[in-house]
Amino acid sequence: MTLHTALVKIEEEKISSEKAKKFIASEKNGAESIFVGKVRNENDGKKVIAVTYDAHDQAVIKSFQLICTNALNKFDKNAKIFLEHAKGYASVGEVSILIGVGSGHRDEAFKICRYILEEVKHQSPIWKKEHYADGKEEWLPGHSLRPKKEIK
């Protein structure tokens, strides 16, 4: 779904930074920041081999749009934002979330990326199941009760 300055998606296909770079590109940009979150091989002392993400697609898109709108209003109304999150099975090393921001200045680009990442973790209905090397798997608890860090 496209907003005036933000493209937000949830994907079952593999995520690639090329779409983000193309979307945020502008001669007005003094900075382009790309954040790539990946599935890591360990969590809480357990060897992780993969993660399955599940989501309520419409609610996720709505939350992504709100988060991006709030980021634009808070940091740089002229920034361009690309936000995509994985859905389905993702092996260690695969991209789970990609945030791209094009902005007039680096400070705003960095702040928008960080703000979006933290807000997605707190607001978006995305569930994560870890698959472990020992054959076990576990749905992880949500992050909504964590204290929010204020991004300034």
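Scan (1) more than 15 Å from the chain's Cα centre (by Cα); (2) surrounded by fewer than 16 Cβ atoms within 10 Å (Cβ to Cβ) for the single condition Phe23 breaks and write down its number.
Tallying (1) more than 15 Å from the chain's Cα centre (by Cα); (2) surrounded by fewer than 16 Cβ atoms within 10 Å (Cβ to Cβ), Phe23 fails exactly one: (2).
Working carefully through the options Ile97, Ile81, find the one that is over 15 Å from Gly37 (Cα atoms), β-branched (Val, Ile, Thr) and in contact with a helix residue (DSSP H, G or I) (Cβ under 8 Å, 6 or more places away or on another chain).
Details: Ile97 fails: over 15 Å from Gly37 (Cα atoms).
From the options Ile97, Ile81, the qualifying one is Ile81.
Can you find, within segment 105-152, the residue that is surrounded by the most Cβ atoms within 10 Å (Cβ to Cβ) among those that are in contact with a Ser or Thr (Cβ under 6 Å, 6 or more places away or on another chain) and modelled with pLDDT of 95 or more?
Ala109
Output the number of residues of segment 50-70 satisfying the condition of being assigned to a strand (DSSP E or B) and either surrounded by fewer than 16 Cβ atoms within 10 Å (Cβ to Cβ) or among the basic types (Lys, Arg) (or both).
Summing the residues that are assigned to a strand (DSSP E or B) and either surrounded by fewer than 16 Cβ atoms within 10 Å (Cβ to Cβ) or among the basic types (Lys, Arg) (or both) in segment 50-70 gives 1.
Output the number of residues of segment 73-104 satisfying the condition of being open to solvent by 20 Å² or more (accessible area, probe 1.4 Å) and in contact with a Gly (Cβ under 6 Å, 6 or more places away or on another chain).
Within segment 73-104, residues that are open to solvent by 20 Å² or more (accessible area, probe 1.4 Å) and in contact with a Gly (Cβ under 6 Å, 6 or more places away or on another chain) number 2.
Does Glu32 count as in a loop (DSSP other than H, G, I, E, B), of a type in the set (Asp, Glu) and either over 13 Å from the mean Cα position of the chain (by Cα) or farther than 23 Å from Gln123 by Cβ (or both)? Full working, then the answer.
Working: in a loop (DSSP other than H, G, I, E, B): no; of a type in the set (Asp, Glu): yes; either over 13 Å from the mean Cα position of the chain (by Cα) or farther than 23 Å from Gln123 by Cβ (or both): yes.
For Glu32, the condition - in a loop (DSSP other than H, G, I, E, B), of a type in the set (Asp, Glu) and either over 13 Å from the mean Cα position of the chain (by Cα) or farther than 23 Å from Gln123 by Cβ (or both) - is not met.
The values are calculated or read from the model by the stated rules, or taken from the named source; none is laboratory data. Source: prediction; values computed, not measured. Using ideal geometry, Cβ is built from the backbone for each residue, glycine included, and neighbour counts are taken over all protein chains shown. What goes into the accessible areas is simple: the full protein's heavy atoms, side chains included, and nothing from ligands, DNA or RNA. Shrake-Rupley method; radii C 1.70, N 1.55, O 1.52, S 1.80 Å.
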